[in-house]
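Each value in this text was obtained by applying a stated rule to the coordinates, not by laboratory testing. Just so we're clear, the structure is a prediction, and the values are computed from it rather than from any experiment. Every residue, glycine as well, gets a Cβ built from its backbone with ideal geometry; the counts of neighbours run over all protein chains shown.
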2 protein chains.
Amino acid sequence: MTENEITLALIRSLKEGRTNDFQMILDELQPYDIAVQYQRLPEKHRERFLLHLNIRQLTELMQELHRSDQVRLLERMPIDQSTKVLDLMDNDDLVSLLSDLEPNLIEELLSRMNRDESSYIQKTMSYPPETAGRIMNNRYVWIPRYYTIRQAIDKIREFAEIAEYLNYLYIVDEDKQLVGVVSYKDLILGELDDEIEEVMYTRVVKVDALTDQEIAADIIGRYDFITLPVVDTENRLLGIITVDDVIDVVMQEANEDIEKLSASGKAIDFKTPPLIAAYRRLPWLILLLFIGLISGGIISRFEDTLQTVVALAFFMPMIAGMTGNTGTQSLAVVVRGLVAEQPDRKGTIKLIIRELWVGIIIGVTCAILIMLIAYVWQGNIVLGLVVGSSLLLTLIIGTLAGTIIPLILYKLKVDPAVASGPLITTINDILSLLIYFGLASLFISRLM
Amino acid sequence: MTENEITLALIRSLKEGRTNDFQMILDELQPYDIAVQYQRLPEKHRERFLLHLNIRQLTELMQELHRSDQVRLLERMPIDQSTKVLDLMDNDDLVSLLSDLEPNLIEELLSRMNRDESSYIQKTMSYPPETAGRIMNNRYVWIPRYYTIRQAIDKIREFAEIAEYLNYLYIVDEDKQLVGVVSYKDLILGELDDEIEEVMYTRVVKVDALTDQEIAADIIGRYDFITLPVVDTENRLLGIITVDDVIDVVMQEANEDIEKLSASGKAIDFKTPPLIAAYRRLPWLILLLFIGLISGGIISRFEDTLQTVVALAFFMPMIAGMTGNTGTQSLAVVVRGLVAEQPDRKGTIKLIIRELWVGIIIGVTCAILIMLIAYVWQGNIVLGLVVGSSLLLTLIIGTLAGTIIPLILYKLKVDPAVASGPLITTINDILSLLIYFGLASLFISRLM
């Protein structure tokens with residue numbers, strides 16, 4: 001059945017009140033598909049659609065919807081129903097939803113929820129955004145160390161419904177300290193009467209709740225884990241981070257890098273209203289406006305040179321543009337390279353020397369090319385030499401600036417991606433104009 | 001024990017030939033940690049380290065190393081050992097390794113491998129790069145539809161060692177057609193004598209082997225799956241894609257977008273030699289050089305205007321820079337937005353209108369600002385008006401160009417990220433200079 005056929009079948013079963021047929025169709029759908037169907041339904045059928053869902057299905061639907069639709073659905077449900085849904089939701093999804101609501105609404109919702117759940121949610125929300133603690137959830141299975149494999153399997157069976165993934169079991173001692181981990185595969189391959197202590201790994205890979213979410217994601221990716229335990233400073237197990245959240249984190253961090261590299265402003269998507277989008281983009285543009293004026297100021301210092309040889313203006317956009325671009329190229333290579341590996345001192349020096357060579361190769365190639373073009377176009381060999389040698393110098397400097405500045409920021413523990421537009425562009429614009437007009441002024445008598 | 005202490009303990013046990021101690025340390029380490037330790041070891045201890053690893057450990061080590069280290073390790077091992085390692089490696093890792101080797105070496109390695117494994121590898125390698133078929137592996141468990149849960153669990157136990165993840169079992173019929181899926185959780189919650197056919201989902205979410213890897217990754221991310229089945233055109237089960245590969249795909253695709261948006265050239269990392277890095281970056285720069293010359297050509301057409309009012313040159317970099325930047329901002333928003341959602345016709349029109357408003361708000365703000373600055377700086381109200389109204393127009397046009405061009409490319413099924421540097425910059429540079437000098441020429445008599 002195609003999506004369309006399913007929608008029609010759902011509407012028909014709703015209209016004719018065939019609850020069994022309705023549930024049979026839903027049973028074959030994944031939560032994501034249920035959400036797609038809900039959104040495809042005409043408004044007038046949605047009410048009845050919701051009435052026919054059980055709490056588990058409502059919860060699954062809730063978790064798949066976009067933020068604004070989640071809030072609307074929450075308001076639509078009777079209070080006791082919405083409370084049950086909130087209790088059942090994965091904590092990390094709930095925390096992410098609550099983070100966007102008004103404080104008094106959060107309080108109201110939390111006060112109605114199951115005490116254990118709401119106190120876990122409150123604890124999670126007390127961690128700063130973008131930390132491991134903030135994206136963890138409590139849908140894991142833990143066992144005491146004195147269990148046998150048989151007891152562990154029994155406990156898994158009991159908690160299978162609640163646990164998000166069953167791939168690992170975490171072993172804690174009396175103080176809830178995390179002392180081991182055992183994979184479900186190990187349980188299957190072991191003997192039922194083996195003791196967990198015998199088969200568990202004691203060297204547990206874990207993160208502190210305050211760890212940056214990017215690092216936690218990196219660990220899961222590196223070890224190919226499905227879940228990663230989160231502990232407090234006393235090594236007490238607080239929750240787990242799951243691989244599906246990691247995909248979101250990786251995507252989010254890549255988007256943040258792109259936002260910074262293109263100076264496009266934070267968190268603008270297709271639904272952001274124009275005023276907010278403009279407000280988020282304006283700071284960068286105003287900054288660039290002033291940077292552009294600095295360039296203008298430099299040009300004005302060489303007003304006489306320019307007045308004498310107006311042709312100099314023809315090559316200005318090209319030199320500034322290319323210097324800016326080679327800087328951005330190097331910046332992008334460094335920013336994304338740092339995501340994959342963190343070089344030591346030796347590696348850093350090697351990288352800078354590599355980029356110096358890149359700058360020289362690029363510079364020589366482009367300089368020869370532009371020298372020929374400038375000569376052919378303007379019929380002035382000195383102009384060709386001035387433009388060519390300016391381009392050589394500015395390309396080398398631009399490449400190095402795009403490499404060294406983000407590396408320095410990285411050492412200073414500032415996100416190197418912010419070096420983006422403003423810093424690199426300013427430096428490269430100013431340097432390229434100074435070099436270009438400086439050289440031109442030196443040879444002014446031969447340029448005329 | 002810290003990493004350092006482990007390294008020392010490993011070296012000590014190797015030197016003193018205490019094989020048991022050595023294995024006890026290794027048993028507690030994850031594959032990734034074993035690879036880290038191997039790379040930390042001084043060269044002289046590596047030989048002995050490798051001698052003490054069993055085939056499974058060697059395979060795990062192999063899978064964690066970087067490409068160049070993998071090749072070196074492969075050459076280091078005796079032939080029969082390396083063959084066994086290749087047989088045991090996850091197919092997707094092996095395919096990715098082989099893809100980078102010489103054709104005759106690939107053939108030699110494949111000819112020594114287990115027949116089933118090598119024919120699977122060859123089939124996988126026959127799919128184009130960046131497709132689902134290329135990143136799939138055969139480490140899954142399948143069962144016939146007439147099994148009971150008990151039989152299924154027995155089969156899982158038998159294949160647990162081989163299967164990468166046990167979260168789902170795939171059900172195939174006599175023709176190896178994929179007819180259902182059952183999660184391990186369902187097995188645990190069911191009765192041992194239930195028939196698989198009764199509990200399985202028949203609406204299996206799957207992808208064709210020729211599907212783009214980005215789409216496959218998107219499906220896993222959307223459904224929160226751990227594995228996703230890959231089928232051929234006849235719905236025969238070919239393999240699975242696993243979530244750990246998806247993280248790599250998401251990272252790779254984000255990097256590709258960044259490479260295109262910053263026109264930084266394909267696949268340059270910290271280890272790329274300078275000549276290759278320069279070679280990959282040069283095409284963009286040479287393109288930009290000619291684009292810069294087009295701008296220069298436009299300026300040369302207004303030589304007289306510029307000669308009369310040299311001050312016009314002062315604002316040139318600012319206008320071109322800001323128009324370019326607002327275009328890049330819009331481009332980044334559209335490119336990343338399209339990763340998250342694919343708008344229909346109505347959504348597209350809404351987006352364009354949104355960006356029009358953004359352009360107007362940004363344009364009016366910046367135009368007023370620059371008008372005042374230009375007036376104060378140059379003491380010429382007409383110059384202020386020309387610069388301000390040029391900026392207003394170019395910012396609106398630049399914003400729209402950065403929105404509409406990638407949307408058109410997307411409709412034409414071209415990756416919108418390639419609109420980056422070249423296309424948007426050219427158009428915006430040319431338009432901004434034409435508007436600026438055009439307006440200036442109109443008011444030339446009042447500018448003097």
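With contacts taken as Cα pairs under 8 Å and at least 6 residues apart, the stretch B:3-135 reaches a relative contact order of 18 percent.
Distance between the pseudo-spin-label points of residue B:414 and residue B:115 (7 Å out from Cα toward the beta carbon): 5.0 nm. D by Stokes-Einstein for the stretch B:3-135, Kirkwood Rh over Cα pairs, 10 °C, 1.306 mPa s: 101 µm²/s.
Going from the residue with the fewest nearby Cβ atoms within 10 Å to the one with the most, B:146, B:38 rank B:146, B:38. Local charge for residue A:116 was computed over the other residues whose Cβ lies under 12 Å away, with Lys and Arg +1 and Asp and Glu -1, and equals 0. Multiplying each eigenvalue of the alpha-carbon gyration tensor of the protein assembly as shown by 5 and taking the square root yields semi-axes of 55, 35, 25 Å, largest first, rounded to whole angstroms. Footprinting exposure proxy ranking of A:13, A:330, fewest other C-beta atoms within 10 angstrom first, gives A:13, A:330.
I'm a student and want to see the number: the projected area of the Cα convex hull of the stretch A:282-432, averaged over all directions, in nm². Mind dumping the intermediate values first?
Values: hull surface 38.9 nm².
Across all orientations, the stretch A:282-432 yields a mean hull projection of 9.7 nm².
Mind checking A:357-369 for the average number of partner chain beta-carbons within 10 Å of each residue's beta-carbon? Before the final figure, lay out the partial values.
Working: counts 5, 13, 2, 2, 7, 8, 2, 1, 6, 5, 0, 0, 4.
Mean partner shielding for this stretch: 4.
At what distance in nm do the modelled label points of residue A:203 and residue A:99 sit from each other, each positioned 7 Å from its Cα along Cα→Cβ? Rounded to a tenth, the inter-label distance reads 3.3 nm. Annotation: amide H of residue A:148 within the under-5 Å range of A:196, sequence separation 5 or more or interchain, hydrogens built in the peptide plane. Chain B holds its axis-closest Cβ, relative to the rotation onto A, at the residue and whole-Å distance B:254, 2.
Less than 5 angstrom separates the built amide H of residue A:131 from those of A:213, all sequence-distant by 5 or more or on a different chain. For chain A, adding -39500 (n - 2.57) for each run of n ≥ 4 DSSP H residues and dividing by the number of residues yields -21500 deg cm²/dmol at 222 nm. All Cα-Cα separations within chain A were binned at 20 Å from zero, giving a P(r) of 19, 37, 27, 15, 2, each value a whole percent of the pairs. Placing a label point 7 Å from the Cα of residue A:108 along the Cα-to-Cβ direction, the distances to the matching points in the other copies come to 7.4 nm, shortest first.
Rounded to the nearest 10 degrees, the angle from helix B:149-159 to the longest Cα principal axis of chain B is 80 degrees.
Under the 0.36 nm per residue contour assumption, what length would be gained going from the current alpha-carbon distance of residue B:47 and residue B:161 to full extension? 38.3 nm is the gain from fully extending residue B:47 to residue B:161. Angle of helix B:115-125 to the longest C-alpha principal axis of chain B, folded into 0 to 90 degrees and rounded to 10: 10°. Residue-wise HN-Hα couplings along the stretch B:166-172, as the Karplus relation 6.51 cos²θ - 1.76 cosθ + 1.60 with θ = phi - 60° gives them from phi, are 9, 5, 10, 10, 9, 10, 10 Hz; Gly and Pro carry x.
Residue B:380: net charge of surrounding residues, Cβ under 15 Å, Lys/Arg +1, Asp/Glu -1, itself excluded? Could you put the intermediate results ahead of the total?
Details: positive: B:446; negative: A:303.
So the surrounding residues net to 0.
Quick one: net charge around residue A:21, please, counting Lys, Arg +1 and Asp, Glu -1 for every other residue with C-beta under 15 Å from its C-beta. Charge balance in the 15 Å sphere: 0.
Treat the count of other C-beta atoms within 10 Å as a stand-in for reagent exposure and order B:259, B:108, B:117 from fewest to most.
Values: B:259 22, B:108 12, B:117 18.
In increasing order of surrounding Cβ atoms, one gets B:108, B:117, B:259.
Put one equal scatterer on each alpha carbon of the stretch A:142-242, apply the Debye formula with no solvent term, and list log10 I(q)/I(0) at q = 0.12, 0.23 1/Å to two decimals. Summing over Cα pairs of the stretch A:142-242 leads to -0.38, -1.28.
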